[in-house]
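Worksheet for the structure shown next.
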Ligand code: NDP
């Protein structure tokens, strides 16, 4: 039976994710509707991948709706526009790195329209999205996940992590950890640079030792030391994720001072360095603090 899939938000992540949906749809006789705020991107997607670029209201006809927007606030806007037109029985798969509080509200709202909400943020970056190898962390009804699982054509790994909001929670903590390792490694290298140590040699050691991380193995050598800072994941989005981890700490009355501190530092870096810069450019603030350049 033909299933209508829809994708809203053809950004750095959504565009390649929707391309994988298109390939899957071609193979299985489904169709893919796409909508993007900047309509030219949706038209280009249709041209390139054989999806159908439609007005926003037509997205409501889909059996499975995917969203991948900056924050839960933009998902709210789309949901408000579509809610009264949605098909009962549909599943809304939100791949935004959203907020667990929003997930609870959105799931309730959609439930009243007979639609199931899954929070399903992704990790793996733009390279993972292009390769169709994203990790998807899903919160919500496991039966609904089983129904949509065959359509997660952009995934390399899918993990059901708990009830509604659990996917957003795991994503926020994962990215707060990215913030911690990125920031702390930047600090370590800045003081080594001031001490006159060659940073390539220092990373050679760290990456064969217990201080290594994705930041030391990949991000810093490829993006910072090269001074390229390719803009694939915006600093403003990482700061947002770390802020969600802080909100989560509050809502469970937990104690996570290191995560809180990195959220503060990233917010400062976002302001000083720029919202839209690549997240690795946060280290430019550490460079200023230490009057050094990481190269
Ligand atoms: P981008 O900024 O590249 O894309 C954002 C998308 O949202 C665009 O399609 C944009 O439309 C659309 N949009 C923005 N504001 C609105 C609005 N008010 N109404 C409707 N549409 C809107 O972001 P990413 O693709 O990088 O990130 C998307 C989500 O995925 C975020 O939650 C992010 O944290 C997460 N993520 C990002 C990763 C990455 O490496 N980039 C990795 C993993 C998760 P338009 O084209 O008109 O601007």
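The values are calculated or read from the model by the stated rules, or taken from the named source; none is laboratory data. Bear in mind that the values here come from a model prediction, so they are computed numbers and not experimental data. Counting neighbours? That spans all protein chains shown, and the Cβs are built from the backbone with ideal geometry, glycine included.
If only residues of region 3-18 that are surrounded by fewer than 24 Cβ atoms within 10 Å (Cβ to Cβ) and over 17 Å from residue 63 (Cα atoms) are counted, the one that is nearest to the ligand (Cβ to nearest atom) is 11.
Of the helices (runs of 4 or more DSSP H) lying entirely inside region 73-148, the ones with 3 or more residues being more than 13 Å from the ligand (Cβ to nearest atom) and touching a helix residue (DSSP H, G or I) at 6+ places or on another chain (Cβ under 9 Å) are found at 100-112. I'm trying to understand the selection: among the residues of region 20-39, which are within 13 Å of the ligand (Cβ to nearest atom) and either more than 20 Å from residue 77 (Cβ to Cβ) or touching a helix residue (DSSP H, G or I) at 6+ places or on another chain (Cβ under 8 Å) (or both)? Within region 20-39, 34, 35, 36 meet the criteria. Of everything in region 222-235 that is in contact (Cβ under 8 Å) with a residue 60 or more places away in the chain and in contact with a helix residue (DSSP H, G or I) (Cβ under 9 Å, 6 or more places away or on another chain), the residue that is nearest to residue 286 (Cα to Cα) is 224. Scanning region 42-64 for residues that are assigned to a strand (DSSP E or B) and without any contact (Cβ under 8 Å) to a residue 60 or more places away in the chain yields 52, 53. Among what's in region 42-61 and is closer than 21 Å to residue 92 by Cα and out of contact with any strand residue (DSSP E or B) (no Cβ under 8 Å at 6 or more places or on another chain), pick the residue that is surrounded by the most Cβ atoms within 10 Å (Cβ to Cβ). Once the filter is applied, the top-ranked residue is 60. Inspect region 175-192 for any residue being more than 28 Å from the chain's Cα centre (by Cα) and either surrounded by fewer than 18 Cβ atoms within 10 Å (Cβ to Cβ) or within 18 Å of residue 124 (Cα to Cα) (or both) and give the result as yes or no. The answer is yes, given that some residue of region 175-192 is more than 28 Å from the chain's Cα centre (by Cα) and either surrounded by fewer than 18 Cβ atoms within 10 Å (Cβ to Cβ) or within 18 Å of residue 124 (Cα to Cα) (or both). Any residue at all in region 228-246 that is in a strand (DSSP E or B), surrounded by fewer than 22 Cβ atoms within 10 Å (Cβ to Cβ) and in the same structural domain as residue 271 (by TED's automatic domain parsing)? Yes; the residues of region 228-246 include at least one that is in a strand (DSSP E or B), surrounded by fewer than 22 Cβ atoms within 10 Å (Cβ to Cβ) and in the same structural domain as residue 271 (by TED's automatic domain parsing). Taking region 185-214 as the range and being in a helix (DSSP H, G or I) and either at positive phi or free of Cβ contacts under 8 Å to residues at least 24 places away in the same chain (or both) as the test, the residues that pass are 188, 192, 201, 202, 203, 204, 205, 206.
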